[in-house]
Amino acid sequence: MLEERVRETLSKAEKQSAAHKLDHLLRVTKNALEIAKREAIDVDYFVLISACLLHDVDSPYDRKKEHVELSARKAEKIMNELKFPKEKVEEILKVIRQHSTETPVEITENEARILFDADKLEGVGAIGIARVFMSAGQRGMSIEKTIEWYKKKMEIAENMLQTETGKKMIKMIKEKMKMVLNFLDRLERALSKYHQA
């Protein structure tokens with residue numbers, strides 16, 4: 001029922017970031033379930049899955065820095081309409097508010113640690129490249145600015161992973177990052193030819 005409501009909500013959102021649609025939310029959920037399965041920590045799966053499906057439910061491409069609070073507000077409205085228990089709504093909102101590097105806060109919940117890592121892992125590699133350039137195109141960023149932004153974002157993600165599983169997956173991430181950085185370097189070299197006099 002929640003997935004259907006999220007799908008419906010996103011289908012009506014005119015300014016939703018192209019990189020933060022249902023496909024992203026579902027991939028993050030899959031990553032989160034994989035991390036949760038490997039972690040030796042207490043996890044409320046209802047809270048985790050709900051937070052994954054709602055963490056970017058209102059992420060306008062032109063208000064990136066506000067997306068956490070916008071998504072939390074929209075998530076609260078959706079959960080209240082679906083008659084989620086009040087205590088679960090509060091827990092899910094807390095997890096959503098702890099998932100982003102745009103608005104860094106202390107991450108206190110196990111579900112938030114898992115969501116944080118699942119979200120960052122989804123942003124690396126071939127899918128990450130596609131998502132970054134889709135989002136940057138919506139925001140009117142140049143290719144050069146997009147490359148610079150993405151390199152910084154990957155560095156932040158690598159240094160902030162929260163779970164033991166996420167940290168163990170760093171080798172895999174670094175392999176993906178090599179591929180991404182190689183592509184970005186080739187793209188920069190190709191662009192530099194056009195800037196030479």
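The values are calculated or read from the model by the stated rules, or taken from the named source; none is laboratory data. Everything numeric in this text was worked out from a predicted model, so none of it was measured. Counting neighbours? That spans all protein chains shown, and the Cβs are built from the backbone with ideal geometry, glycine included.
Odds and ends about this structure:
- Among (1) farther than 24 Å from Leu82 by Cα; (2) within 14 Å of the chain's Cα centre (by Cα); (3) without any contact (Cβ under 8 Å) to a residue 12 or more places away in the chain, the one test that Lys37 misses: (2)
- Some residue of the stretch 61-77 being at pLDDT 95 or above, touching a strand residue (DSSP E or B) at 6+ places or on another chain (Cβ under 9 Å) and on the phi < 0 side of the Ramachandran plot: yes
- When the stretch 92-108 is filtered for residues that are crowded, with 21+ Cβ neighbours inside 10 Å and more than 18 Å from Ile156 (Cα to Cα), the ones remaining, listed by number, are Ile92, Val95, Ile96.
- Residues of the stretch 12-33 that turn out to be assigned to a helix (DSSP H, G or I) and more than 17 Å from Ala51 (Cβ to Cβ), as a count: 1
- Which numbered condition Phe116 misses (of (1) over 22 Å from Leu25 (Cα atoms); (2) hydrophobic (A, V, I, L, M, F, W, C); (3) out of contact with any helix residue (DSSP H, G or I) (no Cβ under 7 Å at 6 or more places or on another chain); (4) surrounded by 15 or more Cβ atoms within 10 Å (Cβ to Cβ)): (1)
- One residue stands out among those in the stretch 119-136 that are without any contact (Cβ under 8 Å) to a residue 60 or more places away in the chain and farther than 14 Å from Asp23 by Cα: the one that is surrounded by the most Cβ atoms within 10 Å (Cβ to Cβ), which is Lys120.
- Among residues of the stretch 59-78 being in a helix (DSSP H, G or I) and in contact (Cβ under 8 Å) with a residue 60 or more places away in the chain, the one that is nearest to Ile96 (Cα to Cα) is Lys74.
- Leu82 vs. criteria of a type in the set (A, V, I, L, M, F, W, C) and either closer than 20 Å to Gly128 by Cβ or surrounded by 15 or more Cβ atoms within 10 Å (Cβ to Cβ) (or both): no
- Ala136 vs. criteria within 21 Å of Ile35 (Cβ to Cβ), among the hydrophobic types (A, V, I, L, M, F, W, C) and out of contact with any strand residue (DSSP E or B) (no Cβ under 8 Å at 6 or more places or on another chain): no
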